[in-house]
Every structure is written in C-alpha cells, then in structure tokens.
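The values are calculated or read from the model by the stated rules, or taken from the named source; none is laboratory data. Owing to the predicted nature of the structure, the values given are computational and were not obtained by experimental measurement. Ideal geometry is used to build each Cβ from the backbone, glycine not excepted, and the neighbour counts take in all protein chains shown.
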C-alpha cells in the first residue's frame, strides 16, 4: 500500500494503516468506534472507542461489573451491540457472527473454561486447528491423519507439557491445565488478534505465574487484548492498560501511568 | 510391533462378531436369521440416529418417519408403477429420505434441545398421519403389503438367506461410512457442538450448517435402513413411521450407550431378542418388560451397556499385557 502522510489519514482510519512519528507504517488491527450496549435501560457500555495496533499487548482492567466481559462478547460477536462500529483489519465486522470473525483471525478465550470435556486433549487442539480450515467439513479421513495439523498440535501441547497427556480426557485434567488448554485452543488457529478473558481465573499464584510465562512466550507476535483481576498478569504482559469503569474507559496509558493515576487508584486499586 | 498388536486385539470383538454374522445362516434356524436381520436393520437405523442424538446432541424424534418415507416410497413405486429393479427403487427411496431430511432439518433446526424434539415429533407425526389418512393410496392402517425381495437384475432371485447377506453387506458398508464420518474432523466437530456450542463458534465453525449436514447424513442412513426393511418384511405400516417407533429407536440408543455407535446395535439386539422371547410367552406383557429393562439399564449402566462392555474389555486387554 502506498504510504500515506499522517495528515491525509481520514478521521475514521478506514484504511487501517497509520504512520507513527518516525514514518513506519503501523497497522491498526482493531478499531472500536463509539460502541454502546444497553440491556433495556441498563447501559453496560457507553460509547467506547479505542484502537489496537499490530503486535500490541493491551490489558483491560476494571472492577466487577465494569462491562469487561460484555465488551469481549461484543468484540467477538456473541452479543449484538446497540450502536457503534467495530473494524477488524480495516474491514467492518460490526454485525458479523462469531464464526466469521474467527475465520478472519479474531480468536477469544473464555473466563469460564469452555473446552470439550469428553474429548481427548489432542482432539480438542485438532478441532481448534481445523476450525478455520476447509478440512472442517472433511468426512472420510480420521482427524489424526492430517500430518501438518498433528505437528502443530504437538508443538502447541509441548509448550504446556501436555503432549504426554494427549490421550486423557479434558475432564481428567486439573483446573490449571484446563486454563492452559483454554489458551491453547484460542491460539490454535494462529489468530491475528487474541482476546483473553481472565486467563488466570481461579488459579493459585504459582499456577498464575506459570501461565503468565507461558502466555508471554506464546503470543510474541500476536496482538492481545486481555482482561484480568490479577495485577501481576496485567503489569508483566501489558504495554498499555485501559481502565473500564461502569461502561466507560476512564483512563489509559502505560502500566506505570495507570498505577500512578489517582482516579484509578481510588476506584480500582482501592485506597488502602 | 507392540502398538500394532494392541490395536489388533482391540478389534477382536468386532472381528468375532463379523465372523459370527457371516456364519450365522449355517448355525441358526430361519426364524433366528430373520431376527438377526431385523436387529441389523434397526441397528443401522439406531446408529444413524446416534450420529445426531448421541454425537451431536440433537434429540430428533422423527427418525422412524424418515425411515418410513424411504420404505413407503419403495412400496408405492412397486405397487403403482410396478417398478421392480432395486437400482431404481433404492435411489428413489434414498432421494425421498434425503429430501425429507432437508426439509425437516431446515424447519426443526431453528430450535434447540426439547423444542427441537417437539418440532421433530410433530413433523414425524405428519408423516404418520399421511400414511393413515391417505388410505386409498397407502392402505391406511393395514399398511402396504407384498413388497418383494430386491431385484438386482443379476438373473437370480432372492432367497431369505440371500436377503440376509444382502442386509449384512449393506449394514457393514453403512457402518463403515458412519464410523469414518464420526472419526473425521467433521464428526469431531459434531461432538464439539454437543459439548460446547459457543466455543465451536469462537473457533470458526458454522454450527448451524454442521448440524444440518449431520441431520441429512443421518436421514440418508435412516433411508437405507427403511429400504432394507421394506424389502425384508414386505410390509410397511403406519406403526413403522410413528413416534412409538422413533421412541423405540431412541431407547435402543439409550440402553446401548449414546454417542458410541456400537451401543445402538447392542440396544437393537437387546430389544429384539427380549421381544422375541417375551412375546413367545405373553404378547401383552412386552411393554412392561421393555419398561423394566429400560429402568434397569438406566440405573445400572447410566451411560449405556456399551461403555460397560468397553471398560471390561479394556481390563481384559490390560490383563493380557
């Protein structure tokens, strides 16, 4: 694409490419414009706007009920929004269903592990890999007969030391391992944008540290938006933090800026 | 080598069963062969239902109706157009079964779980109602009699033994296809839909389409078994298409073990063998025995009989190592 001067870029950024100060192209992966969600009279999200640039790791924090999960559901297409626009890789996805967003490269994990408990660990990963490929309609070859996909599943499972447990059912795994699988499944399709909803939910601090390390290694090239209660997770992984408070983004900045923001300290970190 | 041996041992029960089925006509008498034929036909029907019932979690209650559509198509074409060739009757029956599934699936897949069950129930009863109400054409509740054994156009006529082998071959081919489908990426996607629909959507699967395709494949094999039944029994009656028949097939799956494929065959075996012996003693008591059987199976083998047998066999294999 022909380089465009910053001044020429229209307000809507519809072309998806910006130039930073030094003139390098920055790809805007996700652009959220005035997104609102009401449940009847209850305004859960109020005119939220933000952008995610390629490769960025952004954390979304906020107290319970701030609308984090709703925002995730809106972004991934599970909940229709009331107004606003969402663009992904320059393409408007506001009204696309979740499966179409997934095939465009937008993956998500779930706060409450949402795996396939009666299937083996390996088949869980294979199913996730086939999800964005035409092979998902193949009916005559065994799911384990696709060499490339098997290799990829093996790589993914070795990262979390679960390759040896590939034939166990998910229901036989511990909670920590299930949380790891949750992330592995969302990564399996090699997404361009990964939405991680409370990846460390319900983990002990040890398990959580392990998980942070794992995510750190896995998502180097992926754009990530994550929500978390766990401040460790936020401050180790995120380059930028956005604070969601009753449906509005009230502050954003680097982790340090957010830690020192008096409003954020008051409402989120608490005035201990 | 060890791995291969273990795999071979795993298939010993299926192999033994296959040999038994092949040798059956020289071991058992004619009545028993006819019983086995019925077990295979209904076993195939139950297995095809298991694809959507056990694997996908769609509680379809119109399976016997699709079976009936195929059977009646064969019977009606024979009666009114004197078409005898199997190569015309079977494709016609299958096309009708697939067409019915395409329409029923399209209507019913708007709903989930119990509502899906209710809609498929109503659709199934529609077919049942048609077989009774159009009695000038279908013979009403007396049924459509005198459907002959299939004519393959190969210059020999079928004896009951040939019919048995014919059923066995089609049964094996169908089960082979169903088995492959279940172990394919598509088959796993169905289990995925059963276990976590939202995750499947988040992974990029068009859940509706997968359900629809599964419903139609299942209907296709219901059609196969319907055609076999029409030729085998020579008689199609409304009772073959109604909800009692659909329910019976569902009970076969639940007793045998849903989502296991083989469980459906075991269920069919248990129900027909019990019916055969109990009806010999007292026809009226059969529903009571069936009820007791169902309760006992659900109490002592909650996931069905096949998983129990499977666990036993795994223990035996472990002992042998």
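Odds and ends about this structure:
- Exclusive hit being away from chain A (no Cβ under 14 Å) and either within 20 Å of the chain's Cα centre (by Cα) or closer than 30 Å to residue B:27 by Cα (or both), set B:176, B:158: B:158
- Out of B:45, B:18, B:40, sole residue that is farther than 24 Å from residue B:121 by Cα, in contact (Cβ under 8 Å) with a residue 60 or more places away in the chain and buried (at least 18 other Cβ atoms within 10 Å of the Cβ): B:40
- Residue within the range A:37-59 that is in contact with a strand residue (DSSP E or B) (Cβ under 7 Å, 6 or more places away or on another chain), crowded, with 21+ Cβ neighbours inside 10 Å and within 13 Å of chain B (Cβ to nearest Cβ) present: no
- Every listed requirement among (1) in a helix (DSSP H, G or I); (2) surrounded by 20 or more Cβ atoms within 10 Å (Cβ to Cβ); (3) within 18 Å of the chain's Cα centre (by Cα) is met by residue A:249 save one, (1).
- Number of residues in the range B:73-99 that are outside any helix (DSSP H, G or I) and without any contact (Cβ under 8 Å) to a residue 12 or more places away in the chain equals 2.
- Residue in the range B:110-119 that is touching a helix residue (DSSP H, G or I) at 6+ places or on another chain (Cβ under 9 Å) and closer than 13 Å to residue B:228 by Cα present: no
- Candidate set from the range B:183-206 (those that are closer than 22 Å to residue A:104 by Cβ and more than 7 Å from chain A (Cβ to nearest Cβ)); member that is surrounded by the fewest Cβ atoms within 10 Å (Cβ to Cβ): B:197
To keep it simple, each residue is scored yes or no on (1) part of a loop (DSSP other than H, G, I, E, B); (2) modelled with pLDDT of 90 or more.
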position: A:35; (1), (2): no, yes
position: A:64; (1), (2): yes, no
position: A:79; (1), (2): yes, yes
position: A:84; (1), (2): no, yes
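- Tally, over the range A:96-121, of residues that are assigned to a helix (DSSP H, G or I) and more than 7 Å from every other protein chain (Cβ to nearest Cβ): 4
- Candidates A:126, A:162, A:211, A:150 - the one that is away from every other protein chain (no Cβ under 14 Å), under 24 Å from residue B:191 (Cβ atoms) and without any contact (Cβ under 8 Å) to a residue 60 or more places away in the chain: A:162
- Matching entry among B:102, B:178, B:173 (being surrounded by fewer than 16 Cβ atoms within 10 Å (Cβ to Cβ), within 16 Å of residue B:222 (Cβ to Cβ) and touching a residue at least 60 places away in the same chain (Cβ under 8 Å)): B:102
- Selection count where residues are surrounded by 12 or more Cβ atoms within 10 Å (Cβ to Cβ), over 21 Å from the mean Cα position of the chain (by Cα) and part of a helix (DSSP H, G or I), scope the range B:25-34: 1
- Matching helices (runs of 4 or more DSSP H) fully within the range A:130-243 where at least 3 residues are at pLDDT 90 or above and either touching a helix residue (DSSP H, G or I) at 6+ places or on another chain (Cβ under 9 Å) or surrounded by 15 or more Cβ atoms within 10 Å (Cβ to Cβ) (or both): A:147-159, A:175-187
- Conditions (1) outside any helix (DSSP H, G or I); (2) at pLDDT 95 or above; number of the one not met by residue B:147: (2)
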